[in-house]
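Structure first, commentary second.
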Amino acid sequence: MFASFLPPEVSELTESTSISFAERLECQEIMTSMSARPISTSFARQGSGEIPIILLHGFDSSSFEFRRLLPLLAAETETWAIDLLGFGFTERIAEIPFSPKAIKTHLYYFWKTLIEKPAIWVGVSMGGAAAIDLTLSYPEIVKKLVLIDSAGLAKPPVIGKFLFPPLDYLAVEFLRHPLVRRKISLKAYYDPKFVSPDAELCAALHLKAPRWSEALIAFTKSGGYGSFQDNLSRIEQPTLILWGKEDRILGTADALKFKQALANSKLIWIDNCGHVPHLEKPQITARHILDFIANR
């Protein structure tokens, strides 16, 4: 019923959208310019249509973030949710560096291998920074851009570059702790009832993936995503900015900064919603994205 690369704990999922998403996950070998070996890349896809939507998740997360949003979008068009390189259940090959540049390269080759036509790229939090980076480097593959409570305007913390053993390992193990993850989840949602046992399991399944800690340490040491402020004016694609009005992770100031920096953009606030509109308000989020696509 579930793919073999998923941990046994996947059988403990209880919500129908979570179970359905887990059943839909698959892997594809993707050749890139970074290694002679292909990267086994995990993703979910559903629906059909002229313009594909590609969903990119946030930091220390997986495509399970889109378990509620993907079927709503797929009802009207082809939709993909990808596990970024170094995250989720995508293979973590030792010789490949885990960095923003590597993530961008991997995404491009995934697109080139399986999609091959301009798409709507939707990035959430760190996934928004990845989508911006991809748009700046490969504008021809981006038809429209959607940023949901997106990173990409703040400079990365300097401390990541100075994490040495055993501090790096201890920092990652701290992030693995269930109480720490629950505290982060409670901060991410406006309504705490969304922090259910099923939601916590979805947010932790990828911790069982091979080399999770090594990849997270490497990505953090790379510096992560910095600010694209000085380059945002180069983005010509129509851009939709969706932002939870009660975002306690990134706050709300960056939403206005993105709107000001991106000439061809529209900002929509989502009321009574925190940092994760795609999980907390999936119907509203899907409707805004689909309306944005339909508006040619």
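The values are calculated or read from the model by the stated rules, or taken from the named source; none is laboratory data. Small disclaimer: the values here were computed from a predicted structure and weren't measured. Note that each Cβ is placed from the backbone with ideal geometry, even for glycine, and that neighbours are counted across all protein chains shown.
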> Cβ-Cβ below 6 Å, separation at least six or inter-chain, first residue in the range 184-205 and in contact (Cβ under 8 Å) with a residue 60 or more places away in the chain, second of a type in the set (S, T, N, Q): which pairs?
Replying inline: TYR190/ASN272; ASP198/THR14; ASP198/SER18; CYS202/SER18
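Step by step: first the residues of the range 50-98, then only those that are among the small types (Gly, Ala, Ser), modelled with pLDDT of 95 or more and not in a helix (DSSP H, G or I), then the one that is nearest to ILE141 (Cα to Cα). Which residue is that? Lay out the reasoning, then the answer.
The initial filter retains those residues of the range 50-98 that are among the small types (Gly, Ala, Ser), namely 58, 61-63, 74-75, 81, 86, 88, 94.
With the extra rule that they be modelled with pLDDT of 95 or more, the set shrinks to 58, 61-63, 74-75, 81, 86, 88.
Now restrict to residues that are not in a helix (DSSP H, G or I): 58, 61-62, 75, 81, 86, 88.
Details: GLY58: 21, SER61: 24, SER62: 23, ALA75: 23, ALA81: 16, GLY86: 22, GLY88: 23 Å.
Ranking the candidates gives ALA81 first.
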> Within the range 15-29, is there a residue that is part of a loop (DSSP other than H, G, I, E, B), among the acidic types (Asp, Glu) and out of contact with any strand residue (DSSP E or B) (no Cβ under 8 Å at 6 or more places or on another chain)?
Replying inline: yes
>> Being modelled with pLDDT of 95 or more, of a type outside the set (Val, Ile, Thr), surrounded by 13 or more Cβ atoms within 10 Å (Cβ to Cβ) and on the phi < 0 side of the Ramachandran plot is true for just one of GLU9, GLU15, GLU29. Which residue is that?
In response: GLU15
>> I'm told ARG37 meets every condition in (1) more than 21 Å from the chain's Cα centre (by Cα); (2) free of Cβ contacts under 8 Å to residues at least 40 places away in the same chain except one. Can you identify the failing condition by its number?
In response: (2)
> Is it true that some residue in the range 66-85 is more than 27 Å from ALA204 (Cα to Cα) and touching a helix residue (DSSP H, G or I) at 6+ places or on another chain (Cβ under 6 Å)?
Replying inline: yes
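Of the residues GLU116, GLU91, only one is more than 12 Å from the chain's Cα centre (by Cα) and free of Cβ contacts under 8 Å to residues at least 40 places away in the same chain; which?
Working: GLU91 fails: free of Cβ contacts under 8 Å to residues at least 40 places away in the same chain.
GLU116 is the lone residue from the list that is more than 12 Å from the chain's Cα centre (by Cα) and free of Cβ contacts under 8 Å to residues at least 40 places away in the same chain.
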>> I'd like to know if the range 218-240 contains one or more residues that are on the phi > 0 side of the Ramachandran plot, out of contact with any Asp or Glu (no Cβ under 8 Å at 6 or more places or on another chain), in contact (Cβ under 8 Å) with a residue 12 or more places away in the chain and surrounded by fewer than 18 Cβ atoms within 10 Å (Cβ to Cβ).
In response: yes
>> I need the full set of residues from the range 200-215 which are of a type outside the set (A, V, I, L, M, F, W, C), farther than 18 Å from ALA171 by Cβ and part of a helix (DSSP H, G or I), in order please.
In response: GLU200, LYS208
> Looking at LEU134, is it at pLDDT 95 or above, in contact with a Lys or Arg (Cβ under 7 Å, 6 or more places away or on another chain), within 30 Å of ALA294 (Cβ to Cβ) and hydrophobic (A, V, I, L, M, F, W, C)?
Replying inline: yes
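Which of the residues that make up the range 172-199 are in a helix (DSSP H, G or I), among the acidic types (Asp, Glu) and out of contact with any Ser or Thr (no Cβ under 6 Å at 6 or more places or on another chain)? Break it down into steps so the answer makes sense when it comes.
Within the range 172-199, the subset in a helix (DSSP H, G or I) is 172-176, 178-188, 192-194, 197-199.
Filter once more, keeping what is among the acidic types (Asp, Glu): 173, 198.
Within the range 172-199, just GLU173 meets the criteria.
For residues in the range 46-65 being in contact with a Pro (Cβ under 9 Å, 6 or more places away or on another chain) and not β-branched (Val, Ile, Thr), which is nearest to GLU23 (Cα to Cα)? Don't jump to the end; show me each part of the working.
At the first step, the residues of the range 46-65 found to be in contact with a Pro (Cβ under 9 Å, 6 or more places away or on another chain) are 46-47, 51-52.
Filter once more, so that each one left must be not β-branched (Val, Ile, Thr): 46-47, 52.
On the way: GLN46: 12, GLY47: 15, PRO52: 21 Å.
Here the residue is GLN46.
May I ask you to verify whether PHE228 is modelled with pLDDT of 95 or more, farther than 30 Å from VAL10 by Cα and of a type in the set (Phe, Trp, Tyr)?
Spelling it out, PHE228 is indeed modelled with pLDDT of 95 or more, farther than 30 Å from VAL10 by Cα and of a type in the set (Phe, Trp, Tyr).
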>> Can you pull out every residue in the range 216-269 that is in a loop (DSSP other than H, G, I, E, B) and closer than 27 Å to PRO192 by Cβ?
In response: LYS245, GLU246, ASP247, ARG248, ILE249, LEU250, GLY251, THR252
> Does the range 253-275 hold any residues that are out of contact with any Gly (no Cβ under 7 Å at 6 or more places or on another chain) and within 19 Å of PHE59 (Cβ to Cβ), and which are they?
Replying inline: ASP254, ALA255, PHE258
